[in-house]
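Report on the structure given below.
The values are calculated or read from the model by the stated rules, or taken from the named source; none is laboratory data. Keep in mind the model is a prediction, meaning the values are calculated, not measured. A quick note on method: Cβ atoms are made from the backbone with ideal geometry, for glycine too, and the neighbour counts reach across all protein chains shown.
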Amino acid sequence: MTEGVSLGERARRLGVAVLWIVLYGVVSALFTWVLLKLNPVPAGTAWYNAVGTLALAAACLGATWVVGVVLNRQSWAHWGWRLGHDRVPVLLSGVGLGVLMAALAVGLAFVTSRATVRLTGDWSDYLSVAAPLAVLLLSAALFEELVFRGYPLRRLADAIGPRAATLLLAIGFAVSHLWNPEVGAFGLLNAALAGVWLSFAFFSPGGMLLAWGLHFGWNAGLALVFDAPVSGQGWLVPAVEYEPGRHGWVDGGAFGPEGGVIATVVLIAGTLAVLGKRFRQPKDWLV
């Protein structure tokens, strides 16, 4: 799309795209302010945080409609929402692969670094903690996909090409993790790799639904299944306890599996799984 375009024209297109993305951010912020004001759940509760995160995702969806569909006059499909009859299977396949990757990461942490997962046997409070956490993780995954993929990625890709756009937003995704607790070099590297992995999903036939499912499945697998920290955030899920092993650079230590070399291996494997048969067709990876 950008082949044969002069450097000056590319710079102009990039500038226009950035202005549109800024407008998208402003509209998202306005929607967020309104929706958070309408949150009926008492502050300080788990459900308050879950509903608040859902409001963030809904605000970005609203901004996609206003800026992307109404003002830019492009279809939802152009912004990654390919809502065919297979939309539920696509989402669920993403969730399944994400959970499988999380399980692989924890398994490798167990084998290579002596990390442990212990069942306490007390399931009485599991649902009361897991239900709002599941809504929060599902909403947070959608919110982050709408910020780092969705409209911004497609708009940049239209201006400077999908490869450059993917690289820029993968770096941005990593930078957004700079202030997470216990973050280190591997944590930032893996965040960038995750940005590439999810961008490949976004540019695949599965689009946003696949990227959203993968993102949620990975986070939910770590937090809800194994009680492992997600990007430095621990959740204290009842009935199961995760303890990192001997080598933080391997299993991520207190940051969680995302902070170690095992996540690097798993994310590369997950990217190859997303590519599937397209692996032999590099020109089709980002289109």
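Considering LEU188, LEU168, the condition of being more than 18 Å from GLY98 (Cα to Cα) and over 15 Å from the mean Cα position of the chain (by Cα) is satisfied by LEU168 alone.
Scanning region 217-250 for residues that are among the hydrophobic types (A, V, I, L, M, F, W, C) and either under 15 Å from the mean Cα position of the chain (by Cα) or more than 18 Å from PHE110 (Cα to Cα) (or both) yields a total of 9. Please verify whether ALA59 is touching a helix residue (DSSP H, G or I) at 6+ places or on another chain (Cβ under 8 Å), modelled with pLDDT under 90 and more than 15 Å from LEU156 (Cα to Cα), treating the condition exactly as stated. It is false that ALA59 is touching a helix residue (DSSP H, G or I) at 6+ places or on another chain (Cβ under 8 Å), modelled with pLDDT under 90 and more than 15 Å from LEU156 (Cα to Cα). Taking the criterion of being closer than 29 Å to GLY245 by Cα and in contact with a Gly (Cβ under 8 Å, 6 or more places away or on another chain), the residues of region 114-151 that qualify are ARG114, ALA115, THR116. Comparison of LEU92, LEU54 shows that the only residue that is surrounded by fewer than 17 Cβ atoms within 10 Å (Cβ to Cβ) and either assigned to a helix (DSSP H, G or I) or basic (Lys, Arg) (or both) is LEU92.
Let's see how each residue does on (1) β-branched (Val, Ile, Thr); (2) touching a helix residue (DSSP H, G or I) at 6+ places or on another chain (Cβ under 9 Å):
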| site | (1), (2) |
| --- | --- |
| TRP81 | no, yes |
| HIS85 | no, no |
| VAL99 | yes, yes |
| ALA103 | no, yes |
| THR112 | yes, yes |
| VAL117 | yes, yes |
| LEU127 | no, no |
| PRO132 | no, yes |
| LEU137 | no, yes |
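For every residue, the table says whether it meets (1) in contact with a helix residue (DSSP H, G or I) (Cβ under 8 Å, 6 or more places away or on another chain); (2) modelled with pLDDT under 95; (3) outside any helix (DSSP H, G or I); (4) more than 24 Å from ALA159 (Cα to Cα).
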site: LEU188; (1), (2), (3), (4): yes, no, no, yes
site: SER204; (1), (2), (3), (4): yes, yes, yes, no
site: ALA223; (1), (2), (3), (4): yes, no, no, yes
site: THR271; (1), (2), (3), (4): yes, no, no, yes
site: PHE279; (1), (2), (3), (4): yes, yes, no, yes
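In summary, ASN39 fulfils each of the numbered conditions (1) part of a helix (DSSP H, G or I); (2) of a type in the set (S, T, N, Q); (3) under 30 Å from TRP235 (Cα atoms) with the single exception of condition (1). Against the list (1) under 17 Å from LEU224 (Cβ atoms); (2) hydrophobic (A, V, I, L, M, F, W, C); (3) part of a helix (DSSP H, G or I), the condition VAL117 fails is (3).
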